[in-house]
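Participant: My questions will all concern the structure given below.
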Amino acid sequence: MKAFANLFSALDETNKTNEKVRVLKEYFVTVPDEDKIQTLALFTGRKPKRQINSTLVKSWAMELSNIPAWLFEESYHVVGDLGETIALLLPQSEETQNKSLSEWIAEINSLIFLNEQEKKAWLISSWLSMEQQERFVFNKILTGSFRVGVSQSLVIKALADLSGLETSVLTHRIMGNWDPKSFNYQSLVQKEDGSEDISRPYPFYLAYPIQDTSDQQKSSEQIKESLGDPLNWQAEWKWDGIRAQAIQRNGQIFIWSRGEDLATDKFPELHPFLLELPAGTVLDGEAICFADNCPLPFNILQTRIGRKNLTKKILTDSPMAFIAYDCIEHEGNDIRDLPLSRRRAILEKLHQSSSFKDVFRLSPVVSFSSWDDLYKLRLRSRDEFAEGFMLKKLDSPYLVGRKRGAWWKWKVDPLSIDAVMIYAQKGHGRRADLYTDYTFAIWDQDKLVPFAKAYSGLTDKEINQVNFFVKRNTLEKFGPVRTVKPQLVFEIGFEGINKSTRHKSGVALRFPRILRWRQDKKIEEADTIETLKEFLK
Amino acid sequence: MSRPLLEFNEKGIFCSAGNFYIDPWRPVKYAVITHAHSDHAKWGHQKYLAHKLSHEVLKYRLGNIDLEIIDYNEPIHINGVTISLHPAGHIIGSAQIRVEYKGEVWVVSGDYKVEDDGISTPFEPVKCHSFISECTFGMPVYKWRPQQEIFDGINNWWRLNVEEGKTTVIVGYSLGKAQRILQGLDLSIGNVYTHGVIENTNEALRRDGVKLNPTQRATFESNKDEMRKGLIICPPSSVGTPWMRKFYPYSFGYCSGWMALRGAKRRRAADRGFVLSDHADWGGLVQSIKATGCETVYLTHGYTASFSRYLCDIGYDAHEAHTLYGGDEISELDENPVKLVNEYGEIIEPVDDAEKNSADKEIIILEKPSKIGLTDSEKAIALKKAKRMGGAL
Ligand SMILES: [Zn+2]
Ligand SMILES: [Zn+2]
């Protein structure tokens, strides 16, 4: 695992993309294939199951570090990360070992067969055989809190360079439900796709926003200028649900959300229509709550997603539907290269023969003959329970990731971006005792860069919850400001955006405010600085 | 009850028997100075006493002051009080101040580190009854590696940069860290260039007879190709300035004890972070305090609350002392993780006040009340606490 620990510090030490890719490539060529796969698994969020809970890990580390418990806690408070605190506080090791990453992970997985005393003995002797950096990454893996300072796309880039495969091909191959124990590096990088994972989704194709600011709405002329003849375009309402891919292969069904979470069980209402589809079908669409022929507001869906158990009440209050807008696999064939118009025809046929049309819905194509028509229609989006339009070129293939050119979103709402709260400060007046002023950050590579401060927008109840969170998750205090553990994601709305050299993020927002708390999102799903800068164009 | 030999008042550490102050932060008649960092050596006192190797640096920083210099272990007597200076190992010329009166001994550590850095006279523990110690890194997570390991890391990184055609830029505060880095460099790799503030400090030290490796001022006229192979030592204030950008392409490394924590390292956004500090680490602090044989400890700088609690746990009579040390000093600012956030939620990086005028300093104090200056109410509380701690203390 020394190589992996070194990789981790090397990645930590640079913030340059090319450098990170170089470091990754160097690492991949030197370690055995099993380690490559384990690394890929860790870097794509496939952590081994936690076998010892953090409370035990912490109490054993306390014993071994030979300092009073309060001082251990205080140190943890200063460092802000349990794995790192332990790595720093344990006595220096006198022994060493050369176990590989996969060997360590195998040991961690086999802890399930040990009792508590045996686990403790194993952990202490493991710690005492490692150096500080090794201990740190080991602790992160062990406690299931492994997060790496590198985006998945860089890892894919490194593997693409090494294997000669396209990044889009690799992105697809590493999706889905694989287990690092059975996944094989050689079959990952061979020319023909050898996967037998029938659950595997395709990478989502994501659209860019077409306009810069909501107060400087693009006129229909400007839209015409950039998109050309309206006859080449298809317009659909933009739905406010959860983007999802629904799969039926060999009579088995899988529903994936955009965050690459398998959410099949969360949406039992969707199962019958999926089972009825011909085998080898993959649909792209929006999972959304739907009642009396109307989409329900997003927060109803959010409440439902947040619940562990789907009670009868939840099923009645927030019934699900699937608004399909694309078909990317048909009769077992990957049809992403077909033009949208042909894929749409296939989708419509599938819909036609469905006996569950109230659940399996088609995203209607909005007819328009000029951009001016569409401009006016768009202002009525809210009446249609939509947030604006999706504009898709009729001859466009289904691409991988966020690509400019063929798919655009044209929203009515203020511009918005999903951001992570990183600092909090107490408010004034009525809220002088509560943490109500927050600073938000977005991703720049693996770092969260602050870009906006916002005060308003949450309900009193939410403010209390956030306040509670801030108090329990403070990493540092400086004057009135607290650095908080990056964990909460909020959708930040704003009226405009300008370039700014005075800001670290390179942009200054006008009237930023909190639109809503995205409890459904993990911090990895927050937006990136590139997305923010796209608004400038 | 008799008055304690040393007490903390609103001007600094005061010895009433000898009628002098140690490292006072308000103007006084007679100031004994532990070292030339600006949180310890302030402007405006009538008379200064300091170690001889601080002579030129103090004159450079404070102008034409009335300064008496003595060597280590060279006692002087004022009103029956014996004062002597003892090596603190923090920077060149840094001293602990030993004060003896009627058989009672107090020692003020100033800032100190235990490891022999090769340029500062190495730290020597001094037996005493009461010890006023700094504890900038008074948390057990801070454990330093031997400096040779760090220098090897710096030199290897420098070699790598030469191979890649990048100038090496290394950041450390101008008095102390800069010279320590300079002496640890492998000069066979290339030339060493310095930022103006650091070169002025080097010149002052050389005037006092300190032998330093050869350096040249980094200017835009400097030979570009030579500089690609070279290393520039800069103060923290130069990070991100147009001055620094002129040397592009470069790789930029940061030397500080705070680099021991991953979060602090990442926040700096340096290409490399080296854990190198001129303060004692946790082990060094505990070991030094034990070596003084003292019963009572007063703590300044940093984690005073937790460190004094720990010392009480292990049987000392330990107290937090409220001082103005740490924070408003270039050396400490560099090493201080305290962050300021501006209206856009961005972190304002600390500045090197050697290059700032006093007006700027005022603004910094206003923005950072809890760490640099005390507000009036905080001062009142500190004084009240001090009084409660025994007599005027
Ligand atoms: Zn100092
Ligand atoms: Zn100091």
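The values are calculated or read from the model by the stated rules, or taken from the named source; none is laboratory data. This is a predicted model, so every value here is computed, not measured. Cβ sites come from the backbone with ideal geometry, for glycine too, and all protein chains shown count toward neighbours. We work out accessible area using only protein heavy atoms, side chains counted, and drop any ligands, DNA or RNA first. Shrake-Rupley method; radii C 1.70, N 1.55, O 1.52, S 1.80 Å.
Participant: Could you tell me the calculated FRET efficiency between B:ILE76 and B:ARG207, based on Cβ-Cβ distance and R0 = 30 angstrom, to the nearest 0.05?
Facilitator: 0.80
Participant: Continuing with this model, one more query. Kindly identify residues of the stretch B:112-148 having a loss of at least 50 Å² in accessible area between the isolated chain and the assembly of all protein chains, probe radius 1.4 Å.
Facilitator: B:MET139, B:PRO140, B:VAL141, B:LYS143
Participant: What lysines sit close enough to A:LYS357 to cross-link, taking a C-alpha to C-alpha distance under 19 Å and skipping anything fewer than 8 places away on the same chain?
Facilitator: Straight-distance partners of A:LYS357: A:LYS349.
Participant: Given the protein assembly as shown, what percent of its DSSP beta bridges are antiparallel, to the nearest 5? Don't jump to the answer; show the numbers that get you there.
Facilitator: Numbers: 94 of 142 bridges.
Taking every DSSP beta bridge within the protein assembly as shown, about 65 percent pair in antiparallel fashion.
Participant: So the label point goes 7 Å from the Cα of A:LYS533 along Cα→C-beta, right? Which residues of the stretch A:441-467 then have their backbone N under 18 Å from it?
Facilitator: Counting only backbone N, you get A:441-452.
Participant: How far apart, in nanometres, would the label points at A:LYS16 and A:PHE511 be if each is projected 7 angstrom from Cα along the Cα-to-Cβ direction?
Facilitator: Between A:LYS16 and A:PHE511, the label points sit 4.2 nm apart.
Participant: Cα centroid distance between the stretch B:68-91 and the stretch A:277-326, in Å?
Facilitator: 79
Participant: So how much slack lies between A:GLN92 and A:ILE112, counting 0.36 nm per residue of separation and subtracting their Cα-Cα distance, in nm?
Facilitator: Length difference between fully extended and current span is 4.4 nm.
Participant: Among the listed pairs A:LYS218/A:LYS392; A:LYS157/B:LYS166; A:LYS409/A:LYS504; A:LYS47/A:LYS140; A:LYS447/B:LYS143; A:LYS238/A:LYS409, give every one whose C-alpha distance is greater than 19 Å.
Facilitator: Pairs exceeding the cut-off: A:LYS157/B:LYS166; A:LYS409/A:LYS504; A:LYS447/B:LYS143.
Participant: At a Förster radius of 41 Å, what calculated FRET efficiency corresponds to the Cβ-Cβ distance of B:ASP186 and A:THR501, to the nearest 0.05?
Facilitator: With R0 = 41 Å, the Cβ-Cβ based efficiency is 0.60.
Participant: Cα centroids of the stretch A:431-473 and the stretch A:343-411: how far apart, whole angstrom?
Facilitator: 35
Participant: Considering only C-alpha atoms, what is the centroid distance from the stretch B:209-252 to the stretch A:112-179, in Å?
Facilitator: 40
Participant: Let me ask something else about it. For the interface of A with B, what's the total buried accessible surface in square angstrom, probe 1.4 angstrom, rounded to the nearest hundred?
Facilitator: Numbers: alone 25440 and 16860 Å², together 39140 Å².
Using a 1.4 Å probe on protein heavy atoms, the buried area is about 3200 Å².
Participant: Using only alpha carbon pairs under 8 Å that are at least six residues apart, calculate the relative contact order of chain A and give it in whole percent.
Facilitator: Once divided by the residue count of chain A, the mean separation gives 13 percent.
Participant: Another question, if that's okay. Taking accessible area as the heavy-atom solvent-accessible surface of the protein chains with a 1.4 Å probe, which residues of the stretch A:458-493 lose no less than 10 Å² upon going from the isolated chain to the full protein assembly?
Facilitator: The answer is A:GLU476, A:PHE478, A:GLY479, A:VAL481 - residues whose exposure falls by at least 10 Å² when every protein chain is included.
Participant: Count the DSSP beta bridges whose two residues both fall in the stretch A:309-427, then state the antiparallel fraction as a percent rounded to the nearest 5.
Facilitator: Beta bridges within the stretch A:309-427, antiparallel portion: roughly 70 percent.
Participant: I would also like to ask the following. If you roll a 1.4 Å probe over the heavy atoms of the protein chains, what accessible area per residue do you get for the stretch B:147-274, in Å²? Please list the in-between numbers first.
Facilitator: On the way: 4820 Å² over 128 residues.
That works out to 38 Å² for each residue.
Participant: Per-residue counts of other Cβ atoms within 10 Å, averaged by peptide: what ranking do you get for A:349-356, A:296-303, highest first?
Facilitator: The packing order, highest mean first, is A:296-303, A:349-356.
Participant: What is the percent carbon and sulfur in the accessible area of the protein assembly as shown, measuring with a 1.4 Å probe over the protein chains and ignoring ligands? Display every interim value, and only then the final one.
Facilitator: Values: 19530 of 39140 Å².
Within the protein assembly as shown, the accessible surface is 50 percent carbon and sulfur.
Participant: May I pose another question? Under a 1.4 Å probe, what is the accessible area of chain A per residue, stated in Å²?
Facilitator: 44
Participant: For a protection proxy built on the mean count of beta-carbon atoms within 10 angstrom, sort B:154-164, B:240-250 highest first, please.
Facilitator: Result, highest mean Cβ count within 10 Å first: B:154-164, B:240-250.
Participant: Per the helix-only calculation at 222 nm, which mean residue ellipticity applies to chain A, given -39500 (n - 2.57) for every DSSP H run of n ≥ 4 and division by its residues, nearest 500 deg cm²/dmol?
Facilitator: It lands at -10500 deg cm²/dmol.
Participant: Once you place label points 7 Å from the Cα toward the Cβ at B:GLU68 and A:THR459, how far apart are they in nm?
Facilitator: Output for this residue pair reads 7.4 nm.
Participant: If you don't mind, there's one more thing I want to ask. Express the relative contact order of the stretch A:2-142 as a whole percentage, based on alpha carbon pairs under 8 Å and six or more residues apart in sequence. It would help to have the intermediate numbers written out before the result.
Facilitator: Numbers: 101 pairs, mean separation 48.1, N = 141.
Normalised by residue count, the contact order of the stretch A:2-142 is 34 percent.
Participant: Run the numbers on the stretch A:68-98: which residues show a drop of 50 Å² or more in accessible area, chain on its own versus all protein chains together, using a 1.4 Å probe over heavy atoms?
Facilitator: The answer is A:TRP70, A:LEU71, A:VAL78, A:GLU84, A:LEU88 - residues whose exposure falls by at least 50 Å² when every protein chain is included.
Participant: For the stretch A:45-109, which trypsin sites (Lys or Arg not before Pro) are in a loop by DSSP, counting at most 11 other Cβ atoms within 10 Å? Mind showing how you got there, number by number?
Facilitator: Working: sites: A:ARG46, A:LYS49, A:ARG50, A:LYS58, A:LYS99; in loops: A:ARG46, A:LYS49, A:ARG50, A:LYS99.
Of the trypsin sites (Lys or Arg not before Pro), the ones in loops of the stretch A:45-109 whose Cβ has at most 11 other Cβ atoms within 10 Å are A:LYS49.
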